[in-house]
Amino acid sequence: MTRNPGVRREQSGSAWEEAIGSARAVAAGDRVIVAGMMPDSRDGAVPGEDEPYEQTLSAFRSALAALEPFGLDAESVIRTRMYLSHARDVSEVGRAHRELFGAVRPAATMVVVAGFTDSRVLVEVEIEAYRADAGTGSTIARISEPGAAQ
């Protein structure tokens, strides 16, 4: 396999990463993308079983921990995705997201899916972060509301 020197992959050593051939997080250019994270179940138990708020906090904390090798934290997060197994959990998942990212305000997506590889899991999350020190000279554009004067 050819390695791209501009891409850095971080592994956590999980059996899942090995089984499907994936990385926990990948940095390319000014972005760090963290793979889908479920509530931490290393000991076999799903924390907050039947509690979407607790599961969401656990999953996002694992995702944020995956940013640490890159020197990043919640302040660097620019995009989040939340996958829920039940629409009834939208408020609780949103509450956990707001608690962790309310001051940051990343672009966020929340969708309901058919289920997860572990039936006890109610939510899976993904995050994408921006690395200002990557030296890409990125600029910020302001997006107007539809119909607004430009």
Filter the stretch 18-54 for residues that are surrounded by 15 or more Cβ atoms within 10 Å (Cβ to Cβ), of a type in the set (Asp, Glu) and over 15 Å from LEU72 (Cβ atoms) and give the result. ASP40, GLU51, GLU54
Over 17 Å from GLU124 (Cβ atoms) and either touching a Lys or Arg at 6+ places or on another chain (Cβ under 9 Å) or not in a helix (DSSP H, G or I) (or both) - does that describe any residue in the stretch 52-60? no
Give GLU145, GLU75 a once-over and let me know the one that is at pLDDT 95 or above and of a type in the set (D, E, K, R). GLU75
Count - residues of the stretch 38-83 that are hydroxyl-bearing (Ser, Thr, Tyr), under 16 Å from SER119 (Cα atoms) and in contact with a helix residue (DSSP H, G or I) (Cβ under 8 Å, 6 or more places away or on another chain): 1
Is there any pair with a first residue in the stretch 105-117 that is more than 29 Å from GLY44 (Cα to Cα) and a second that is among the charged types (D, E, K, R) and surrounded by 10 or more Cβ atoms within 10 Å (Cβ to Cβ) whose Cβ atoms are under 7 Å apart and which are 6 or more apart or on different chains, and what are they? PRO106/ARG79; ALA107/ARG79
How many residues does the stretch 102-130 hold that are more than 17 Å from PRO39 (Cα to Cα) and modelled with pLDDT under 95? 0
Only residues that are among the aliphatic types (A, V, I, L, M), assigned to a strand (DSSP E or B) and surrounded by 17 or more Cβ atoms within 10 Å (Cβ to Cβ): list them for the stretch 90-137, please. MET110, VAL123, VAL125, ILE127, ALA129
Looking at ALA65, is it hydrophobic (A, V, I, L, M, F, W, C), without any contact (Cβ under 8 Å) to a residue 24 or more places away in the chain and either under 26 Å from VAL7 (Cα atoms) or touching a Ser or Thr at 6+ places or on another chain (Cβ under 7 Å) (or both)? yes
Identify, from the list ALA35, ALA23, the residue that is part of a strand (DSSP E or B), out of contact with any Gly (no Cβ under 7 Å at 6 or more places or on another chain), under 30 Å from ARG3 (Cβ atoms) and hydrophobic (A, V, I, L, M, F, W, C). ALA35
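The values are calculated or read from the model by the stated rules, or taken from the named source; none is laboratory data. Everything numeric here is computed off the predicted structure, so don't read it as measured data. Reconstructed Cβ throughout: ideal geometry from the backbone, glycine too, with neighbour counts over all protein chains shown.
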